[in-house]
1. Looking at (1) in contact with a helix residue (DSSP H, G or I) (Cβ under 9 Å, 6 or more places away or on another chain); (2) of a type outside the set (V, I, T); (3) within 17 Å of F153 (Cα to Cα), which is the one condition that is false for W76?
2. Test A37 against the criterion of being of a type in the set (G, A, S), modelled with pLDDT of 95 or more, within 19 Å of the chain's Cα centre (by Cα) and in the same structural domain as K175 (by TED's automatic domain parsing), and give yes or no.
3. If you take the residues of region 137-185 that are in contact (Cβ under 8 Å) with a residue 12 or more places away in the chain and among the small types (G, A, S), which of them is nearest to L40 (Cα to Cα)?
4. Return the total of residues in region 68-91 being in a strand (DSSP E or B) and small (G, A, S).
5. Can you name the number of the only condition in (1) within 23 Å of A159 (Cβ to Cβ); (2) modelled with pLDDT under 95; (3) surrounded by 14 or more Cβ atoms within 10 Å (Cβ to Cβ); (4) not acidic (D, E) that H71 fails?
6. Restricting the search to region 149-185, which residues are outside any helix (DSSP H, G or I), under 22 Å from S57 (Cβ atoms) and not basic (K, R)?
7. Among the numbered criteria (1) farther than 26 Å from Y177 by Cα; (2) in contact with a helix residue (DSSP H, G or I) (Cβ under 6 Å, 6 or more places away or on another chain); (3) not aromatic (F, W, Y), which one does K119 miss?
8. Among what's in region 93-135 and is acidic (D, E) and within 17 Å of L68 (Cβ to Cβ), pick the residue that is surrounded by the fewest Cβ atoms within 10 Å (Cβ to Cβ).
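The values are calculated or read from the model by the stated rules, or taken from the named source; none is laboratory data. For clarity, every value in this text was computed on a predicted model and none was experimentally measured. Every residue, glycine as well, gets a Cβ built from its backbone with ideal geometry; the counts of neighbours run over all protein chains shown.
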Amino acid sequence: MDTTKRFLIIFLVLGITVIYAVYKQSSVEVLPQTDSAMVLKKLPDYKLTDLEGKPVSSYGFLKKSKLLAVHFWGTWCAPCEAEFPEFLKFIESFSDTSDVTFHLIATQDTVVDVKKFLKRFKKLPPNIVLSADKEGIVQKHFNTIKVPETYLFNKEGKALRKFVGPQEWGIKYFKDYFRSLTSSR
């Protein structure tokens with residue numbers, strides 16, 4: 001066998017190996033980034049207003065739902081903007097129940113900027129409350145230094161999980177995880 005044929009065979013084997021590796025990697029479900037060493041143990045007491053000026057409070061949410069997801073984001077944050085449409089679809093999947101409430105806090109943002117950002121989304125799910133925290137005060141109560149970041153609390157206000165950075169909210173893991181927490185309580 002001459003050298004050209006050997007190189008051709010090696011090249012074909014390597015090419016097939018790379019194609020197979022890419023195929024297998026695309027079929028793997030990526031698990032979310034979480035912070036298992038979460039310092040926050042309990043839901044901080046905070047008060048804000050929603051985008052219409054109606055007062056909302058952290059403990060007011062606990063009276064309504066089994067789970068509260070507090071999500072920090074910003075209209076100025078590219079990863080937040082990329083994550084937002086998929087997150088809304090995820091939130092919509094819980095709109096048939098009052099078990100989960102989502103409080104999305106646009107930190108270091110104005111109401112005007114948030115409303116302008118939201119114009120591209122036709123209808124928001126009913127289980128979502130949006131607030132703008134121009135000064136980033138609530139973010140400090142959570143010790144959140146970057147966005148997006150999502151905290152999950154049970155009905156008693158106990159911190160259950162912290163999701164750091166943008167997530168792939170469309171993967172089955174999230175829906176199953178949230179449903180398991182609402183069905184067991």
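1. (3)
2. no
3. In this case the residue turns out to be A159.
4. Initially, region 68-91 is screened for residues in a strand (DSSP E or B), giving 68-73.
Next, only the ones that are small (G, A, S) stay: 69.
Here the count works out to 1.
5. Of everything listed in (1) within 23 Å of A159 (Cβ to Cβ); (2) modelled with pLDDT under 95; (3) surrounded by 14 or more Cβ atoms within 10 Å (Cβ to Cβ); (4) not acidic (D, E), H71 misses just condition (2).
6. Going through region 149-185, the residues outside any helix (DSSP H, G or I) turn out to be 149-171, 184-185.
The next check asks that each one be under 22 Å from S57 (Cβ atoms); those that pass are 149-162, 185.
Within region 149-185, E149, T150, Y151, L152, F153, N154, E156, G157, A159, L160 meet the criteria.
7. Every condition holds for K119 apart from (2).
8. Residues of region 93-135 that are acidic (D, E), as a first pass: 96, 99, 109, 113, 133, 135.
Checking which are within 17 Å of L68 (Cβ to Cβ) leaves us with 99, 133.
Values: D99: 18, D133: 20.
The qualifying residue surrounded by the fewest Cβ atoms within 10 Å (Cβ to Cβ) is D99.
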